Amino acid sequence: MTASAEITPHVNAEQYKLLYAQSVKDPDAFWGEQGKRLDWIRPYTRVSDVSFAPGNVSIRWFDDGVLNVSANCIDRHLDTRGDQTAIIWEPDDPKDPALHITYKDLHRSVCKMASVLKELGVTRGDRVVLYLPMIPEAAYAMLACARIGAIHSIVFAGFSPDALAARINGCDAKVVITADEAPRGGRVTALKTNTDQALLHCDDDVKCLVVKRTGGQTTWTPRDYDYNKLAKTAADTCAPEPMDAEDPLFILYTSGSTGQPKGVVHTSGGYLAYAAMTHEIVFDYHDGDVFWCTADVGWVTGHSYIVYGPLANGATTIMFEGVPTYPDTGRFWDVCEKHGVNQFYTAPTAIRALMAAGDDPVKSYDLSSLRTLGTVGEPINPEAWNWYNTVVGGGRCPIVDTWWQTETGGHLMTPLPGATELKPGSAQQPFFGITPVVLEPTTGDVIDGNDVEGVLCIATSWPGQMRTVWGDHERFEKTYFSDYEGYYFTGDGCKRDADGDYWITGRVDDVINVSGHRMGTAEVESALVAHGRVAEAAVVGYPHAIKGQGIYCYVTLMNGEEPSEELRQELRRWVRTEIGPIASPDLIQWAPGLPKTRSGKIMRRILRKIAEDDFGALGDISTLADPSVVEDLIDNRMNRE
Ligand code: 6R9
């Protein structure tokens, strides 16, 4: 399929090949040049200093350079585009006016927020947790932290008080920034009330800065500060703090296959250069374009492609507070038409949900401004891809299926508009400087050649790579560098087809992907067993038409407890409060016993097959302690409709 939109791509097919070859042959020369995208207070003389060696993993880029991320996203644009819109804020309710925030406005608001944070005692290196709706203040707060050298850690506003408390404590935050309430899809979440609950489990000296969003009633405690009041008198200038390239910019918690979520750490220079470059090249962004990434800033996609990448490039970026289906299923297209969106970036789960609403809601809007479409978060099925291509893109707009992770800071594999012959469902080719390798899962041997399948690792570093797990470098090494020595292990499986194009096949670990949100099955299990009536639980993913994967739970109750529909509902509610609505179980099957090996290990492979309705292919069950358990589970499996 050929991309045919009226684009003047930054790279064509030949240039891609040539530049890619250069980028992997001499990465320091390549990235040394790309680092110049940024303004440096003190230019770097060293480009990379990297070791993936077990016991000694260390990743440093541009490490003697000094810069400030907020100055790169704001100040350096003031002379040339001070009056250009930096952020278009589109509120939840389309009847409310959108805000057009210029680079000058942004500078002023970020300086005010930075001054307020300083007044609260926040200094370089301190951690600040953001628990905010998708409002401009979320971007102000991110950039204000960057301006004064504080490290932000955003907690998605859909997470529960418990999850928030764990993240505040996990990074010893000095301040939590929240809002009174978060409107979304016509409903409101009481963020401040959630924060109050969370703070009951945190140190008394954690301060809470409250932004007004709805004006809804909040209770004020001695640790609370009213942002809007403080901002009135706060200085509207604030000198950007000179930061080392390797000073942390942010922490973002993400789920893994074991234990509680870990704090992924990204640093300043390399991350920003990588976010800026991928934003420009992958979306074929050009000066003057209006760019829209529909993600929430609580996820890495929002960090890199709502805030840091676009603003570093001096773009106009849209921040959308709402959901795709409110007030109706035409909302995305309404916003595209209203603001003349040129690049549109969303998740397959949203595309599938909107596809189910039919073509009419799309066709009633003028989408002729669109040039590039993007997807992220999970594999996209060809049916959804084709609908996106023909109905939304009118067959004119290349689709970039961008594969990447919280850990990678920016896109690692993706087609490039105008340079790649597109294949629905394939992430296709590595971005510049990225060296994917396919390994044999058990031996770790590199599988060369095409038409092969295995686990996906990356052989060499790139500037946007995470540097460590906050407070636990050992966990970083163990999670990403110990299974396959000398490589960064992505946790994903992949195929390389006969043409050498890559197809991500999904996680090979116990991580599931629900509506593009990463979830460790272990997290849901530990929430379930924390309930007094549950003895044991095993959680797996199963194919779900809209969400990609649904959450299937096998629950063994305590002796004497009787299964009931009420208990099922209660457990659902329980998990929602323990983790958040995104972790809500779709199906709960009562399991008198779970299939275990003689050494007591739950055989998830079998549970996965049953959840997938694929129990004809259970494989070897000879190591089970009690094979009859499996028959019972098959007989009582849940209807997936
Ligand atoms: C950016 C983001 C990462 C996991 C990743 C993979 C899946 C993301 C994908 C994709 C197939 C794509 N994933 N993009 N799978 N095609 N285009 O999503 O980060 O939340 O950390 O999730 O998402 O399994 O390992 P994160």
Candidate set from region 399-435 (those that are open to solvent by less than 10 Å² (accessible area, probe 1.4 Å) and among the aliphatic types (A, V, I, L, M)); member that is nearest to the ligand (Cβ to nearest atom): 427
Going by the structure shown, is residue 249 in a strand (DSSP E or B), touching a residue at least 40 places away in the same chain (Cβ under 8 Å) and outside the structural domain of residue 524 (by the TED database)? yes
Would you be able to say whether some residue in region 181-204 is over 25 Å from residue 216 (Cβ atoms) and either modelled with pLDDT of 95 or more or polar (S, T, N, Q) (or both)? yes
Criterion (within 23 Å of residue 183 (Cβ to Cβ) and acidic (Asp, Glu)) met by exactly one of 105, 83: 105
Under the condition of being more than 30 Å from residue 275 (Cβ to Cβ) and either buried (at least 22 other Cβ atoms within 10 Å of the Cβ) or not acidic (Asp, Glu) (or both), which residue from region 348-385 is nearest to the ligand (Cβ to nearest atom)? 356
When you scan region 250-262, do you find a residue that is among the aromatic types (Phe, Trp, Tyr) and surrounded by fewer than 22 Cβ atoms within 10 Å (Cβ to Cβ), even just one? no
Could you tell me whether residue 337 is more than 29 Å from residue 459 (Cα to Cα), within 16 Å of the ligand (Cβ to nearest atom) and free of Cβ contacts under 8 Å to residues at least 40 places away in the same chain? no
Candidate set: region 207-219, residues that are open to solvent by 10 Å² or more (accessible area, probe 1.4 Å) and modelled with pLDDT of 95 or more; chosen: the one nearest to residue 134 (Cα to Cα): 213
Restricting to region 347-382, count the residues that are of a type outside the set (A, V, I, L, M) and within 14 Å of residue 423 (Cβ to Cβ). 4
Just checking, how many residues over region 147-177 are part of a strand (DSSP E or B) and under 16 Å from the mean Cα position of the chain (by Cα)? 3
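From the list 55, 35, 65, exactly one residue is in contact (Cβ under 8 Å) with a residue 24 or more places away in the chain and within 26 Å of the chain's Cα centre (by Cα). Which is it?
Unique residue meeting the criteria: 35.
Kindly indicate which of 598, 604, 608, 637 is crowded, with 16+ Cβ neighbours inside 10 Å and either farther than 16 Å from residue 521 by Cβ or touching a Cys at 6+ places or on another chain (Cβ under 7 Å) (or both).
637
The values are calculated or read from the model by the stated rules, or taken from the named source; none is laboratory data. What you see is a predicted model, and the numbers here were worked out from it, not measured in a lab. All Cβ positions, even for glycine, are placed from backbone atoms using ideal geometry, and neighbour counts span all protein chains on display. SASA here: full protein model, heavy atoms, side chains in, ligands and nucleic acids out. Shrake-Rupley method; radii C 1.70, N 1.55, O 1.52, S 1.80 Å.
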